[in-house]
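One structure is given below, encoded as structure tokens.
The values are calculated or read from the model by the stated rules, or taken from the named source; none is laboratory data. Treat the numbers as computed from the prediction; the structure is a model and nothing was measured. Here the Cβ positions follow ideal geometry from the backbone for every residue, glycine too, while neighbour counts run over all protein chains shown. These area figures cover heavy atoms from the full protein model, side chains too; ligands, DNA and RNA do not enter into them. Shrake-Rupley method; radii C 1.70, N 1.55, O 1.52, S 1.80 Å.
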Amino acid sequence: MSFLGSVWLVVRKDLVVEFRNREIAYTTLFFAVSTLLVFSFGFVHEGRAVEDAAAGILWVAIAFSGTLALGRAFERERQNETLRGLLMAPVQRTALYLGKLAGILLLLLAVEAVIVPMVGLMFQAPLFRYPVTLIALLVTGTVGFVAVGTLFAAMLVRTRSRDVLLPVLLYPITVPVIIAGVRGTAALFQVDADLPMARAWLSMLVFFDVVFVTLALWTFEAVMTE
Amino acid sequence: MQRKTQKAKGRRQKAEGRRQKVEGRRQKAAILWVVLLIAMLVPSAAFAQQQQPPKPAAQDGFVPIDQLQPKEELPAAPLVMAAYAVAWLVVFAYIWSLWKRLQKVEAEIADVSRRVASGARR
Amino acid sequence: MSKSFPVLTLILAGMFVYAPVLIVGAPYESTMGLVQKIFYFHFPSWMAMFLAVFVAGAASVAFLVRRNPRADALAVAAAELVVVFGAIGLITGPLWGIKAWGVWWSWDPRGTSALVLWLIFIAYLLLRRFGGPGSERLAAAVALFGMFNVPFVYWSVNLWRTLHPKTTVVSSLPVSMGAPLWFSTAAFLGLAVALLMLRTRLEHRRAELDQLFLALED
């Protein structure tokens, strides 16, 4: 079984299981929308948003719903005790990690496909001014967040207090991702968009992704081996 | 005769228990009502007290620049002393915490070694 | 406990007694005056914290690769020191800042980066405390990620804000200010080493205790 074949197998398994009842997809999506709303009440004053609020609220919603999705995805594995099965299968650990990463990444990107237009509507954010850069920021930022999150969520599966420990561990470490995502998106949403700035943030996100996916691949191997 | 009194006692205790349960439930319900009442009264009172919304600041005119300076009047000496004091305190608190933890572990080791030694002799 | 520990302690005690003499003797800085003297403890605390971050990260890698419990002991000791020295830096910073810049916290790059790193290692300690058995390896991953995060946190926060004295301050210090600064730095780093030795000793004794309990059960 080729490496990519293994990865695809894991992704396909997750997608099939998810499509059966779509529990995580629907609840995560609704949670993201609710978060958008709640934060809007904090940052919208007299009908207009505080400067750069749109970008900030968007990424907070991504971070919160991402944490939720990560926790739930691995909780499902734990409840059905399938994680042990996966670990015992003749699948390379790194393929397993990438497969889970891809699955949760697809889920989050699907959620973002809904909330980004919502943000555009709610805050009159210019989504189509630089769509490619915007999408690149969203994808690289989400990859960075999910890369670290998948590793931690997988390792926390058998740990006590795992529900609260995931955000406790995840948020401080993904601070650069959040900063870059928010500031890059804000640079694009500004009245006079700052494309070079957005590109600077994008390059930082790319570096982060490369470094931390590599680190996570190595660490997953080291930690999951009994 | 003894059995009858015991049975009677049992019945009395049961009745007492039931009364206490009912009383407990009544007390809980009372507390709940009081809380609900307060929860409704307080915001109403707050709304009643609310004055006109304050005028937007822009209408008050500009604030003169010389009233906005940073805290130059703050004396530096207490800050410096506080900073050094904090550094010392934190370090010593940590050393103390380490010391206590070490004491505890050493005591436990002594205790368990004794038990292991005496157990081995058996 | 190694023989060098008492010697180290004595030297450190002497250094910490002498440091205030040097600091009081240092000249006043022209724009900030007396309050700038907080620098002589503030900067060394940060140096000690960064030393601890890298020790924790390196020890965690060693632990993940070789599963050596002594590496894990060193990692947890270093993580505690990150929190201790970070706390000193995070408290002395605002005490300096309120006088020098008029605000308690200004979200400047170095301060904010340090805060994020501090939080990462608090998360490490929380995980070890509440994660239950088997959380050592996950904690090692956290420390490892924390160490590799240093440049990214600094890069991102720096691109976001700037107010701190520029990095060139330290290298351009006149000798009269350099001497107390580097003396204090040496003292703090020595203190960090001494505390590491103490804390790893605690961890080793705990491991011995666990072995004894196992022996008891036999």
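Observations on the structure shown:
- Value of [θ]222 nm, deg cm²/dmol, for chain A, DSSP H segments ≥ 4, -39500 (n - 2.57) each, nearest 500: -29000 deg cm²/dmol
- Accessible-area value, B:K9, 1.4 Å probe, nucleic acids and ligands omitted, Å²: 120
- Each principal axis of the Cα cloud of the range C:96-157 was evaluated for its coordinate range; sorted largest first, these ranges are 47, 22, 12 Å.
- Here's the picture: charge each Lys and Arg Cβ at +1 and each Asp and Glu Cβ at -1 in chain A, and of A:L156, A:M197, A:S40 the one pushed furthest to the positive end of that dipole is A:L156.
- Calculated over the range C:37-217: convex hull of Cα atoms, volume per residue (Å³): 119
- What the pair-distance distribution of the range A:13-66 shows, using all Cα-Cα distances binned every 10 Å from zero, is 24, 39, 23, 12, 3 percent.
- Binning all Cα-Cα separations of the range A:174-226 at 5 Å, short to long from zero, yields these whole-percent fractions: 5, 20, 20, 16, 12, 10, 7, 5, 3, 1, 0.
- Treating each Cα of the range A:71-226 as an identical point scatterer and summing with the Debye formula, the log10 of I(q)/I(0) at q = 0.11, 0.16, 0.17 Å⁻¹ comes to -0.49, -0.91, -0.99.
- FRET efficiency, 1/(1 + (r/R0)^6) with R0 35 Å, evaluated for A:V132 and C:W105 via beta carbons: 0.40
- The range A:1-132: radius of gyration and largest Cα-Cα distance (Dmax), Å: 17.8, 59
- Within the full protein context, the accessible area of C:V61 is estimated at about 40 Å² for a probe radius of 1.4 Å.
- Applying 1/(1 + (r/R0)^6) with R0 = 60 Å to the Cβ-Cβ distance of C:Y28 and B:R3 gives a FRET efficiency near 0.05.
- Under the Karplus curve 6.51 cos²θ - 1.76 cosθ + 1.60, θ = phi - 60°, whole-Hz ³J(HN,Hα) for the range A:55-72, x wherever Gly or Pro sits: 4, x, 5, 4, 6, 4, 4, 5, 5, 5, 5, x, 4, 4, 4, 4, x, 5
- Membrane-span-like helices in chain C (whole DSSP H runs, Cα extent of at least 20 Å along the helix axis, mean Kyte-Doolittle hydropathy of at least 1.0): C:4-25, C:39-66, C:69-100, C:109-130.
- Cα→Cβ-extended label distance, 7 Å offset, between C:Y18 and B:R114, nm: 4.6
- Leading residue at positive end of dipole, the range C:37-217 (Cβ point charges), from C:G190, C:F63, C:S135: C:G190
- Rounded FRET efficiency, nearest 0.05, which uses the C-beta distance separating A:A89 from A:F43 and R0 of 56 Å: 0.75
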